[in-house]
1. Residues to consider are Ile90, Ile95; find the one that is in contact with a helix residue (DSSP H, G or I) (Cβ under 7 Å, 6 or more places away or on another chain) and either free of Cβ contacts under 8 Å to residues at least 60 places away in the same chain or not basic (Lys, Arg) (or both).
2. Report whether or not Ile167 is surrounded by fewer than 16 Cβ atoms within 10 Å (Cβ to Cβ), part of a helix (DSSP H, G or I) and not basic (Lys, Arg).
3. Looking at region 150-157, can you tell me whether even one residue there is open to solvent by less than 80 Å² (accessible area, probe 1.4 Å) and touching a His at 6+ places or on another chain (Cβ under 7 Å)?
4. Spot the failing condition for Ile43; the list is (1) without any contact (Cβ under 8 Å) to a residue 60 or more places away in the chain; (2) among the β-branched types (Val, Ile, Thr); (3) assigned to a loop (DSSP other than H, G, I, E, B), and only one is missed.
5. Restricting to region 46-59, and then to whatever is part of a helix (DSSP H, G or I) and open to solvent by 30 Å² or more (accessible area, probe 1.4 Å), can you tell me which residue is nearest to Phe173 (Cα to Cα)?
6. For region 108-136, enumerate the residues that are open to solvent by less than 80 Å² (accessible area, probe 1.4 Å) and touching a helix residue (DSSP H, G or I) at 6+ places or on another chain (Cβ under 7 Å).
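The values are calculated or read from the model by the stated rules, or taken from the named source; none is laboratory data. Predicted model, so just to flag it, every value in this text is computed and none were measured. Heads up, the Cβs are rebuilt from the backbone with ideal geometry, glycines too, and the neighbour counts pull from every protein chain shown. Each accessible area value is taken on the protein alone, full model and side chains, heavy atoms only, with ligands, DNA and RNA left out. Shrake-Rupley method; radii C 1.70, N 1.55, O 1.52, S 1.80 Å.
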Amino acid sequence: SNGANITDGIDGLAAGTSAIIGTTLGILAYVSGNTVFADYLNIMYIPNTGELVVFMAAFVGACVGFLWYNAFPAQVFMGDTGSMALGGAIAAVSIIIKMELLLPILCGIFFAESISVIMQVTYFKYTKKKYGEGRRIFLMSPLHHHFQKKQIPESKITLRFWLITVILVLATFALIKLR
């Protein structure tokens with residue numbers, strides 16, 4: 001949940017990434033609730049997950065609707081409450097459909113953003129204790145702000161993170177079939 005919150009620093013990044021992940025979770029919820037697909041993919045059949053498909057469709061619709069006004073330059077902002085709710089909904093649905101172990105891959109952008117903050121803070125504290133002054137790994141954390149400091153436009157960063165999320169979604173689907 002905090003990974004989604006950290007990602008909410010550039011216009012459209014959290015909502016767009018969450019919409020892509022939400023679509024994937026909706027598909028996985030449908031597959032989990034269908035005996036034929038669940039048997040074919042060798043995943044656990046969970047009855048009545050069709051209701052989660054409806055929830056995820058509403059989730060994605062809300063993200064896309066919000067994205068309409070939040071794309072660069074943003075006219076409306078989500079804030080911590082909204083971004084934490086996105087992360088919480090993603091986590092809750094993945095737990096309900098018993099695919100929570102896929103989250104580090106599926107939510108790789110959220111994971112990378114969180115890890116970048118942890119690395120930056122840990123390294124800064126370590127070097128401050130060792131050398132008397134703190135040093136940084138990234139120009140600024142979380143990761144998307146590092147790229148902003150390198151003068152990459154916000155829209156380009158957002159689009160590239162969305163594309164990486166699509167690649168991670170494909171990797172998640174491949175992992176399900178390859179197990």
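1. On inspection, the qualifying residue turns out to be Ile90.
2. yes
3. There is at least one residue in region 150-157 that is open to solvent by less than 80 Å² (accessible area, probe 1.4 Å) and touching a His at 6+ places or on another chain (Cβ under 7 Å).
4. Among (1) without any contact (Cβ under 8 Å) to a residue 60 or more places away in the chain; (2) among the β-branched types (Val, Ile, Thr); (3) assigned to a loop (DSSP other than H, G, I, E, B), Ile43 violates only (1).
5. Val53
6. Gly108, Ile109, Phe110, Ala112, Glu113, Ser114, Ser116, Val117, Gly134
To keep it simple, each residue is scored yes or no on (1) open to solvent by less than 50 Å² (accessible area, probe 1.4 Å); (2) modelled with pLDDT under 90; (3) under 15 Å from Thr7 (Cα atoms).
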{"position": "Leu67", "(1), (2), (3)": "yes, no, yes"}
{"position": "Asn70", "(1), (2), (3)": "yes, yes, yes"}
{"position": "Pro73", "(1), (2), (3)": "no, yes, no"}
{"position": "Asp80", "(1), (2), (3)": "no, yes, yes"}
{"position": "Ser83", "(1), (2), (3)": "yes, no, yes"}
{"position": "Leu86", "(1), (2), (3)": "yes, no, yes"}
{"position": "Ala89", "(1), (2), (3)": "yes, no, no"}
{"position": "Ile96", "(1), (2), (3)": "no, no, no"}
{"position": "Leu101", "(1), (2), (3)": "no, no, no"}
